[in-house]
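Here the structure comes first, spelled out in structure tokens, and everything after it is commentary.
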Amino acid sequence: MIPDMSAEILKKAEAVMARYPHKRAALLPILHLIQKEAGCISPGAERWVAGLLGIKPVRVREMVTFYTLFRREPAGAHVIQACSNLSCTLQGAPDLIDYIGAKLGIRPGETSADGKFTLLAVECLGNCDQAPCMMIDMEYHGRLTREKIDALLGGMGAGDG
Amino acid sequence: MDERAVTRFWESENLAGIGVYLAGGGYQAAREALHHMEPAAVLGEVRKAQLRGRGGAGFPAGVKWGFVPASVDKPKYLCVNADEGEPGTFKDRAIMSRNPHLLIEGIILASFAVGVHSSYIYIRGEYEALAGRLETAVREAYEAGFLGGRVFGTDFDLDVTVHLGAGAYICGEETALLESLEGKPGLPRLKPPFPATVGLFGCPTVINNVETLANIPWIIRNGADWFLRQGLPGDGGTRLFSVSGMVRKPGVYELPLGTSLRTLIYDHAGGLPEGKKLKAVIPGGLSSPILTAGEIDVRMDFDSLAEAGSMLGSAAVIVIDDRTPIFEVLKATAGFFAHESCGQCTPCRLGTSWIRKIVQRMSEGERRGTDLETIESAARAMRGKTLCPMGDAAALPILAIISKFKGELAEGLTPSPAR
């Protein structure tokens, strides 16, 4: 998988590396590039990045495990990050997270059987004026209600499968 | 007169585009400064304005800039802290999405004052879409000749790079941010040396919050005296308050420092919805100690809140109503800090996870008479015993919740079993 995409990724990675006086500083942005392309960061990808930046693979592994947004296994086609922090909790987030879970037949941390959705209960997303809020992939959705969740997830094919 | 600075023009259509920003007088302050002021004069004006850092610690920005050695044979860096992770805080997101060029102008002025030619905006990973829009604004500034080589046609060069984080609250701590930018896990560094002398890539570095930098163009445009008039003696300017929780009108409110918490909640954020009563308020983000409903006649500035036993922090106000069990606040707080401890210092790594385990067990209905004391002792064991401020950030709010709401929390606790 990595050798196939490396031509494209390599070009982008080299452009990123040029922005920093030390190439290791490009590690985080390059890991983002890879995850965007491949859906997760595999051991093979870790070795590839390590070779590119001239560091040990373990230095890449510790980044992938330290930072919450990196994944070592592929997620569902869409990742739902539902905020479970205080401002959203005050506006009913726990019930809504349960509702989403029941709708998709999964608990937070799991992926639906059809592979369409991964549900995560996460810490503050910095969107507290729109509480309760969640992100689906890169997009924010706020002032959530059960109806709004039905519309959003229904539009993305939840329950079709 | 409109006393707002950072949020002024926010109602304008397409302010995020460089054209609208320029039409409102944008980039004039930076252009004038680069053509007609010495760097030391810019620094002097910011110091005189007594602008205290808007990230949480409240350290005077001009003094921080002054710590950077004037002449060294190493490059100097400016890191913009846009890793807005303190729960309840969303003002930097608002600044960057509504008026990104105000931040970029602040970066130009700060870089010029300190002698920086390379700046990195470290933005939290969850703001990925926003980071893309910020990059668009940066590109517009390059194309206009406001960034890159010969900024505004002068001899000054400046590069700005947007750097996306990947989900770690700790990277809002300035030395953890530097580690992360260098391609390492965000483990805070031991200080000294301070970043002003040994920072990014071992070079002198200034780290400023987004809101701090967004004030700089206004200080240069209107002068330090004007800025001081907006705030308090020794504490210039306005503050962006992020108000959330159980209020009618959650949002970002720019108000003079020293505005009372009661005024903020009831006059600006519309008070609580019908039928709800105020129980408590977290005044400065989740890591600030909680205030009870009887303690809201406090002025919202660094010193007044410190006197009240809390802190202004990131000025994120979370309003809690009487129907919310205080246990929910304890649980959210305990869960958050256990998740976000970087694991470097034992008291924080173990303390936060012990507290979370106890609170989790309590929430499952298994409560012991000694639970609150055990939590308190774990929290006290973290306080002041960690490399970075996170030990205190986790301990102090938990201790405050327990001490102020002991009666409610103790209900349902069974007597300690005999051992």
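The values are calculated or read from the model by the stated rules, or taken from the named source; none is laboratory data. Since the structure is predicted, the reported quantities are computational estimates derived from the model, not experimental observations. For neighbour counting, all protein chains shown are included, and Cβ atoms are generated from backbone atoms with ideal geometry for every residue, glycine included.
Of the listed requirements (1) of a type outside the set (Ser, Thr, Tyr); (2) in contact (Cβ under 8 Å) with a residue 60 or more places away in the chain; (3) under 24 Å from A:Ala121 (Cα atoms), B:Met362 misses just one: (2). A search for C-beta distances below 6 Å between a residue of the range A:110-126 that is on the phi > 0 side of the Ramachandran plot and any residue that is part of a strand (DSSP E or B) and surrounded by fewer than 20 Cβ atoms within 10 Å (Cβ to Cβ), counting only pairs 6+ apart in sequence or on different chains, returns nothing.
Among the residues in the range A:107-128, are any under 23 Å from B:Arg323 (Cα atoms), out of contact with any Pro (no Cβ under 8 Å at 6 or more places or on another chain) and part of a helix (DSSP H, G or I)? No - not one qualifying residue is present in the range A:107-128. Restricting B:Ile282, B:Ile318, B:Ile290 to residues that are within 21 Å of B:Ile402 (Cα to Cα), touching a Cys at 6+ places or on another chain (Cβ under 9 Å) and either acidic (Asp, Glu) or in contact (Cβ under 8 Å) with a residue 24 or more places away in the chain (or both) narrows the list to B:Ile318.
Does the range B:333-342 contain any residue that is hydroxyl-bearing (Ser, Thr, Tyr) and within 22 Å of the chain's Cα centre (by Cα)? Taking every residue of the range B:333-342 in turn, at least one turns out to be hydroxyl-bearing (Ser, Thr, Tyr) and within 22 Å of the chain's Cα centre (by Cα).
Of everything in the range B:188-216 that is within 14 Å of another protein chain (Cβ to nearest Cβ) and among the polar types (S, T, N, Q), the residue that is surrounded by the most Cβ atoms within 10 Å (Cβ to Cβ) is B:Thr205. Considered as a group, the residues in the range A:107-127 that are under 13 Å from the mean Cα position of the chain (by Cα) and among the polar types (S, T, N, Q) include one that is farthest from B:Glu84 (Cα to Cα), and that residue is A:Thr111. Scanning the range B:345-360 for residues that are among the polar types (S, T, N, Q) and surrounded by fewer than 19 Cβ atoms within 10 Å (Cβ to Cβ) yields B:Thr346, B:Ser353, B:Gln360. Within the range B:11-26, being modelled with pLDDT under 90 and more than 15 Å from B:Glu140 (Cα to Cα) holds for B:Glu11, B:Ser12, B:Glu13.
Within the range A:90-103, the presence of at least one residue that is facing chain B (nearest Cβ under 9 Å) and more than 21 Å from the chain's Cα centre (by Cα) is confirmed. Tell me, yes or no, whether the range A:119-132 has at least one residue that is within 14 Å of chain B (Cβ to nearest Cβ), under 24 Å from B:Ala334 (Cβ atoms) and of a type in the set (D, E, K, R). Yes: one or more hits.
From B:Arg356, B:Arg367, which residue is charged (D, E, K, R), in contact with a Phe, Trp or Tyr (Cβ under 9 Å, 6 or more places away or on another chain) and not assigned by TED's automatic domain parsing to the domain that holds B:Glu179? The unique qualifying residue is B:Arg356. Take the residues in the range B:71-95 that are crowded, with 18+ Cβ neighbours inside 10 Å and aliphatic (A, V, I, L, M); name whichever of them is nearest to the other protein chains (Cβ to nearest Cβ). Of everything passing the filter in the range B:71-95, B:Ala94 is nearest to the other protein chains (Cβ to nearest Cβ).
Report whether or not B:Pro185 is at pLDDT 95 or above, in contact with a Lys or Arg (Cβ under 6 Å, 6 or more places away or on another chain), buried (at least 19 other Cβ atoms within 10 Å of the Cβ) and at negative phi. Answer is no for this residue. Within the range B:126-170, how many residues are in contact (Cβ under 8 Å) with a residue 40 or more places away in the chain, out of contact with any Lys or Arg (no Cβ under 7 Å at 6 or more places or on another chain) and within 9 Å of another protein chain (Cβ to nearest Cβ)? Residues meeting the conditions: 8.
The numbered conditions (1) closer than 26 Å to B:Leu51 by Cα; (2) facing chain A (nearest Cβ under 10 Å) are all true for B:His117 except (2). Filtering B:Gly351, B:Gly384, B:Gly391, B:Gly335 for residues that are on the phi > 0 side of the Ramachandran plot, without any contact (Cβ under 8 Å) to a residue 60 or more places away in the chain and not assigned by TED's automatic domain parsing to the domain that holds B:Ile282 leaves a single hit, B:Gly384.
Restricted to the range B:48-131, the set of helices (runs of 4 or more DSSP H) holding at least 3 residues that are touching a Ser or Thr at 6+ places or on another chain (Cβ under 7 Å) and not assigned by TED's automatic domain parsing to the domain that holds B:Met390 is empty.
Can you tell me which residue within the range A:36-63, out of those that are within 13 Å of the chain's Cα centre (by Cα) and surrounded by fewer than 21 Cβ atoms within 10 Å (Cβ to Cβ), is nearest to B:His163 (Cα to Cα)? So the residue we want is A:Lys36.
Assess whether A:Ile80 counts as being touching a strand residue (DSSP E or B) at 6+ places or on another chain (Cβ under 8 Å), within 14 Å of another protein chain (Cβ to nearest Cβ), assigned to a helix (DSSP H, G or I) and over 22 Å from B:Val162 (Cα atoms). No; evaluated as a whole, the condition is false for this residue. The residues in the range B:352-395 that are in contact with a helix residue (DSSP H, G or I) (Cβ under 7 Å, 6 or more places away or on another chain), under 20 Å from B:Ile282 (Cα atoms) and in a loop (DSSP other than H, G, I, E, B) can be counted, and the count is 1. Filtering the range A:44-55 to residues that are more than 9 Å from chain B (Cβ to nearest Cβ) and either touching a helix residue (DSSP H, G or I) at 6+ places or on another chain (Cβ under 6 Å) or closer than 17 Å to A:Val122 by Cα (or both) leaves A:Gly44, A:Ala45, A:Glu46, A:Arg47, A:Trp48, A:Val49, A:Ala50.
Taking the criterion of being over 18 Å from B:Ile207 (Cα atoms), in contact (Cβ under 8 Å) with a residue 40 or more places away in the chain and surrounded by fewer than 21 Cβ atoms within 10 Å (Cβ to Cβ), the only residue of the range B:41-70 that qualifies is B:Lys48. The residue of the range B:259-300 that is farthest from B:Gly172 (Cα to Cα), among those that are touching a helix residue (DSSP H, G or I) at 6+ places or on another chain (Cβ under 7 Å) and small (Gly, Ala, Ser), is B:Gly271.
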